[in-house]
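One structure is given here, and the rest of the page talks about it.
The values are calculated or read from the model by the stated rules, or taken from the named source; none is laboratory data. These figures come from a predicted structure and were not determined experimentally. Here the Cβ is made from the backbone with ideal geometry for all residues, glycine too, and neighbour counts use every protein chain on show.
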Amino acid sequence: MTVRTLGTVNTKKWLIAGAAAVVVVGGLIAGVVSVATARPASTAAAGAGTSGTPQARPSGGSRGGGTVVTGDEATKVSAAVTAKDSAVTVSSVRKNADGSYLVLGTKAGQNVFYRVSADLATVTQAQGGGFGASGGPSSTAVTGDEETKVTAAVTAQDSTVTVTAVRKNADGSYTVRGTKAGQNVVYTVSADLGTVTLRG
């Protein structure tokens with residue numbers, strides 16, 4: 001006579017099924033842990049791509065920094081410059097973030113730039129285009145009828161512009177500096193005066 005031990009057989013089946021379930025659950029937990037661990041790394045990598053060192057801005061992208069100075073303050077700054085050189089005619093004054101000033105003027109038909117300390121005690125002639133928009137090393141100041149015509153070409157395009165300086169470049173085109181709504185603006189004018197372009 002054969003005696004079947006059903007309890008033992010069922011117990012073995014449950015043990016085998018339980019072991020398999022543990023393996024499956026363990027695999028799932030390991031997968032979740034690995035994904036959770038990987039996310040911060042990928043997030044950090046993405047952050048590094050967007051919050052790293054900023055790219056340098058193109059030169060001249062923001063022309064003439066600071067703010068335009070007018071009224072008594074401009075008069076005092078202009079006086080500080082002309083006290084150093086009475087041959088200078090001041091055409092524009094801008095105030096920098098540190099309180100110092102940048103002064104644009106003309107002398108003997110040439111554009112000149114000065115840096116003035118916040119207390120107006122130190123006046124230093126700056127080299128190159130102080131407002132970031134000189135006509136170039138080979139440009140020359142334009143005066144008389146030619147200047148009048150170039151100025152008219154600019155104001156015909158935008159009547160709110162006040163032209164402060166005109167320079168002629170080696171290729172015959174012109175660089176025109178002016179102010180509009182209290183901000184410095186610079187235009188390039190073609191040699192035939194037919195095209196007037198505002199610089200960015």
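Annotation note: of S86, S100, the sole residue that is farther than 22 Å from T162 by Cα, surrounded by 13 or more Cβ atoms within 10 Å (Cβ to Cβ) and hydroxyl-bearing (S, T, Y) is S100. Among the strands (runs of 3 or more DSSP E) confined to region 61-130, the ones with at least 3 residues that are modelled with pLDDT of 85 or more are located at 89-95, 101-107, 110-116.
The criterion of being at pLDDT below 85 and of a type outside the set (S, T, N, Q) does not hold for A152.
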